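So the structure is just underneath, and the comments pick up after that.
The values are calculated or read from the model by the stated rules, or taken from the named source; none is laboratory data. All values derive from a computational prediction rather than experimental measurement. Methodologically, a virtual Cβ is constructed for each residue, glycine included, from the backbone with ideal geometry; neighbour enumeration extends over all protein chains shown. For the accessible areas, the whole protein counts, side chains as well, though only heavy atoms, and no ligand, DNA or RNA atoms are used. Shrake-Rupley method; radii C 1.70, N 1.55, O 1.52, S 1.80 Å.
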Amino acid sequence: MMRQNNKLLGATQILAAYHAQTFDSLQSQFIGFDDLSIIAKIYHDNAHLCDESDTTIFNAVQLQHYESQCFDNLYQHLRYLQLEFIGQSELLFYHTLLIVLLRRGYQPEQTFTLFELLWQTHNGYFFEKLSLRWLVSAADTFIDFSPSPVRRAILMNVTSLINTLKAYETQQYVSLGHGIVDDKKIRSLREKHRQLYDGLTFLRLGSDDTIEQMRRRFLSFAQDDGFATQFLLKIFDRLHDNPTAYAFFKQMHTEDWGYRWSYPFKKGEK
């Protein structure tokens, strides 16, 4: 219970601080090292929200060595993510905040309503300003929470397209040709998330759950059309039985939990 509380500690306060401002106001405020961001101001007055000092989480040195990470403590996680938004608006970060809260199960219906409203009113701004990383995260969020099966199905193409690209970019990055791989690059992709482009990263070899999460989203369509979902998963599984980038990624995986789904599709599987 304590861990769950830590993951959502201060969520209500943080949301309230953003909701106290208009979208125009959020769009005109920018995140940087010289001024406290909206959530940093909350932490400044409520130090109990995080055991870490703010200066150790958010600083120029951290930015130089930044890689995608997840922290249990909500403030630490959000503040670290703000390193991706240096020079960008609080409105863009508010979008990320909503995604994080939805992933952590904070009032999903109400929070998704806020997320949808944001896209209904500012989709042009987000299409222009968000990196591919956060556009894909937005698509995943619609897939996970939208009540519209058509919208979910269409946006599943975004996830499939990007993850296939990442799988092949990862394989190409470590390949020396003729089935030989660069061991140094293999080790580097086991150690941390490496930047690809536009906010995307290579797949982290050994412990990345990206492909598993994609299959989980495929499975969510079983309640809408069991046959079509089975068809999709049969093709997906077949890609792992042939010399593809998916098969290569599976071969590189070392964690027991990474490929638990390597079983035949069963009716009603979720």
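Among the candidates ASP45, ASP24, the residue that is farther than 25 Å from ASN123 by Cβ and acidic (Asp, Glu) is uniquely ASP45.
Every listed requirement among (1) on the phi > 0 side of the Ramachandran plot; (2) free of Cβ contacts under 8 Å to residues at least 24 places away in the same chain; (3) buried (at least 16 other Cβ atoms within 10 Å of the Cβ) is met by GLY177 save one, (3). Tell me whether segment 122-140 contains one or more residues that are charged (D, E, K, R), in contact with a helix residue (DSSP H, G or I) (Cβ under 7 Å, 6 or more places away or on another chain), touching a residue at least 12 places away in the same chain (Cβ under 8 Å) and within 26 Å of ALA247 (Cα to Cα). Yes, that holds for at least one residue. Taken over segment 101-120, the residue count meeting the criterion of being in a helix (DSSP H, G or I), open to solvent by 10 Å² or more (accessible area, probe 1.4 Å) and either within 23 Å of SER37 (Cα to Cα) or not hydroxyl-bearing (Ser, Thr, Tyr) (or both) is 10. Among the conditions (1) open to solvent by less than 70 Å² (accessible area, probe 1.4 Å); (2) free of Cβ contacts under 8 Å to residues at least 60 places away in the same chain; (3) at negative phi, the only one that ARG238 does not satisfy is (1).
Is it true that ALA17 is open to solvent by less than 60 Å² (accessible area, probe 1.4 Å) and within 14 Å of TYR80 (Cβ to Cβ)? Judged against the criteria, ALA17 is not a match. For segment 67-88, the criterion of being open to solvent by 30 Å² or more (accessible area, probe 1.4 Å), aliphatic (A, V, I, L, M) and over 22 Å from SER37 (Cα atoms) is met by none of the residues.
Picking from residues in segment 38-53 that are buried (at least 17 other Cβ atoms within 10 Å of the Cβ) and out of contact with any Cys (no Cβ under 9 Å at 6 or more places or on another chain), the one that is farthest from PHE23 (Cα to Cα) is CYS50. Entry remark, segment 180-208: residues being open to solvent by less than 40 Å² (accessible area, probe 1.4 Å), among the hydrophobic types (A, V, I, L, M, F, W, C) and either outside any loop (DSSP other than H, G, I, E, B) or free of Cβ contacts under 8 Å to residues at least 24 places away in the same chain (or both) number 2 in total.
If the requirement is being more than 19 Å from LEU135 (Cα to Cα), at pLDDT 95 or above and of a type in the set (A, V, I, L, M, F, W, C), which of these qualifies: LEU74, LEU63? Sole residue among the options that is more than 19 Å from LEU135 (Cα to Cα), at pLDDT 95 or above and of a type in the set (A, V, I, L, M, F, W, C): LEU74. Quick check: anything in segment 150-160 closer than 27 Å to GLY10 by Cβ, part of a helix (DSSP H, G or I) and among the aliphatic types (A, V, I, L, M)? No, because not a single residue in segment 150-160 is closer than 27 Å to GLY10 by Cβ, part of a helix (DSSP H, G or I) and among the aliphatic types (A, V, I, L, M).
Taking the stated definitions as given, is THR56 without any contact (Cβ under 8 Å) to a residue 60 or more places away in the chain, over 22 Å from THR121 (Cα atoms) and among the polar types (S, T, N, Q)? Judged against the criteria, THR56 is a match.
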